[in-house]
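Below is one structure, written out as structure tokens, with a few remarks after it.
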Amino acid sequence: AEAIKACRIRVEGIIDIPLAEKIKRQMEMSKTRRENTIFFLIETTGGGNPEAAMRIANLIEEARKDEKRPVFSVAYIASNVPDLAAFIAFACDEIVMFEGADPELSGIIGDFKNYIERAPPGGVYDPS
């Protein structure tokens, strides 16, 4: 088996096209260095461009399924990861979430707390 050669790519700030292009360049550099494992440190803010999130997720998926040199991908979630960042995390082979002594500091994917608090007991959430 091939030895693990890893790198870290930060996914931070707002998810937009410039971020997607930056991640694409970093993944291309990783490929030229023959790295076979990428840790995506996800620390994004809410909102952003859904097309950009999908581009990043597709880049990860393509790297994972590369026939010549597949890449093993890990999403590391250090804190709260809202909405669009979930696409990126779910594209990875594995998701690792920080778990601290204080649940408020633990890693979270999505803003489900907001939906749960608004849903009627036994009912379906109505955003209106």
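The values are calculated or read from the model by the stated rules, or taken from the named source; none is laboratory data. Since this is a predicted model, take the numbers as computed values, not measurements. As a convention, Cβ positions derive from the backbone with ideal geometry for all residues, glycine included, and neighbour counts pool all protein chains shown. Surface accessibility is based on the protein's heavy atoms, side chains included, excluding ligands, DNA and RNA. Shrake-Rupley method; radii C 1.70, N 1.55, O 1.52, S 1.80 Å.
Quick notes
- Hey, Ile15 touching a Ser or Thr at 6+ places or on another chain (Cβ under 9 Å) and surrounded by 15 or more Cβ atoms within 10 Å (Cβ to Cβ) or not: yes
- Restricting attention to region 67-92, the residues that are open to solvent by 40 Å² or more (accessible area, probe 1.4 Å) and either part of a strand (DSSP E or B) or out of contact with any Lys or Arg (no Cβ under 8 Å at 6 or more places or on another chain) (or both) add up to 9.
- Residue list for region 75-99, filter: under 16 Å from Lys24 (Cα atoms) and among the β-branched types (Val, Ile, Thr): Ile88
- Pick from region 50-66, criterion among the hydrophobic types (A, V, I, L, M, F, W, C), out of contact with any Asp or Glu (no Cβ under 8 Å at 6 or more places or on another chain) and within 13 Å of Leu19 (Cβ to Cβ), ranking: surrounded by the most Cβ atoms within 10 Å (Cβ to Cβ): Ile56
- Any pair with Cβ under 9 angstrom, 6 or more apart, that starts in region 2-17 at a residue that is within 17 Å of Ala75 (Cα to Cα) and ends at one that is assigned to a strand (DSSP E or B) and acidic (Asp, Glu): Arg10/Glu43; Val11/Glu43; Glu12/Glu43; Gly13/Glu43
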